[in-house]
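Okay, so here's the structure we're looking at.
The values are calculated or read from the model by the stated rules, or taken from the named source; none is laboratory data. All of these numbers come straight from a predicted model, not from anything done at the bench. Cβ: placed from backbone, ideal geometry, glycine included. Neighbour counts: every protein chain shown. For accessibility, only protein heavy atoms count, side chains too; no ligands or nucleic acids. Shrake-Rupley method; radii C 1.70, N 1.55, O 1.52, S 1.80 Å.
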Amino acid sequence: MERVDWEITCDRYVGYIDIMGFKNLVLTRPHSEIYEIMKKIDECKLNNENIKWDNIDSKLVTTTNYSDSIMIYSKDNSFLSLKAFTCTISGIMDDLFMECIPFKGAISFGTMTLDIERSIFFGQPLIDSYLLQEELYFYGVVVR
């Protein structure tokens, strides 16, 4: 996930996607089955992060995941980053739907710190995206 010439702190687009029903899966399904689902989710994320969308550099977006959540970050607030971000999150959504993996999420914008080397990720857009997706009563992603 090395991203050369990315500012650690800047204004960027942030997406948060939460996989629905994860606690129930852990409670009711074999551990090995959940691991296979998590590998599918990771493939959806990585495949879309690394696609060159419409000849746009694929290094304008990065993703992380923690447990059943996927976070998507743009390099900065440029139009090309927004375009790559939009294509990436759309691709992730499409792949999750195709895999029949239910999810909900939100997109926000603002000052965000991504210190990938130290695994430090924080900022208001991440909080806003998380809180907004918590309020959704449908599968999909909304923009704040």
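The residue list C44, Y137, T88 was ranked by how far each Cα lies along the charge dipole of the chain toward its positive end, using unit charges on Cβ atoms, and Y137 comes out on top.
Let a ≥ b ≥ c be the square roots of the eigenvalues of the Cα gyration tensor of the range 92-144; is it rounded (a/c under 1.5), or, if not, prolate (a/b larger than b/c) or oblate? Here the range 92-144 falls in the oblate category.
Heavy-atom accessible area with a 1.4 Å probe sorts L96, L126, largest first, into L126, L96. Working note: Karplus 6.51/-1.76/1.60 with θ = phi - 60° gives the range 65-71 the couplings 9, 9, 6, 9, 10, 10, 10 Hz, where Gly and Pro are set to x.
Dipole magnitude for the chain: about 120 debye, using +1 per Lys or Arg Cβ and -1 per Asp or Glu Cβ, origin at the Cα centre.
Within the assembled protein chains, the solvent-accessible surface assigned to I101 is about 20 Å², based on a 1.4 Å probe.
Listed values (i) 16.1, 59; (ii) 14.7, 44; (iii) 15.3, 50 include one computed from this model; for Rg and Dmax of the Cα atoms in Å that value carries the label (ii). For the set S78, S129, the ranking by accessible area, highest first and with no ligand, DNA or RNA atoms included, is S78, S129 under a 1.4 Å probe. Taking K45, K83, K75 as the candidate residues, the one with maximal mean-square fluctuation in a Gaussian network model of the chain, Cα springs under 10 Å, is K83. Reported to the nearest whole Å, the Cα centre-to-centre distance from the range 1-68 to the range 126-144 is 16.
With a Förster radius of 41 Å applied to the C-beta separation of K52 and S32, the computed FRET efficiency comes to 0.75. Once all protein chains are placed together, R29 keeps about 110 Å² accessible to a 1.4 angstrom probe. In percent, rounded to a whole number, the relative contact order of the chain is 33, using alpha-carbon pairs under 8 Å and six or more apart.
Heavy-atom accessible area with a 1.4 Å probe sorts Y130, Y16, Y73, largest first, into Y130, Y16, Y73. Computed from phi, the 3J(HN,Hα) profile of the range 88-94 under the Karplus parametrisation 6.51, -1.76, 1.60 (θ = phi - 60°) reads 5, 5, 5, x, 4, 4, 4 Hz, with x in place of Gly and Pro.
Other residues whose C-beta falls under 12 angstrom from the C-beta of I37 contribute a net charge of -3, scoring Lys and Arg +1 and Asp and Glu -1.
Here the extension length gained between I127 and T111 equals 4.6 nm, from 0.36 nm per residue of separation less the Cα-Cα distance. Distance from a point 7 Å along Cα→Cβ of N77 to each backbone N in the range 115-143: keep the residues under 19 Å and list them by number. The answer is 115, 122-129, 143, whose backbone nitrogens lie closer than 19 Å to the label point. Nonpolar atom fraction for the range 31-144, defined as the carbon and sulfur part of the 1.4 Å probe accessible area, stands at 56 percent. Computed with a 1.4 Å probe on the full set of protein chains, the accessible area for D94 sits at about 80 Å². Annotation: per residue accessible area for the chain equals 57 Å², rounded to a whole number [probe 1.4 Å, protein chains only].
Between N24 and D5, the modelled label-to-label distance comes to 4.8 nm, taking each label 7 Å out from Cα in the direction of the beta carbon.
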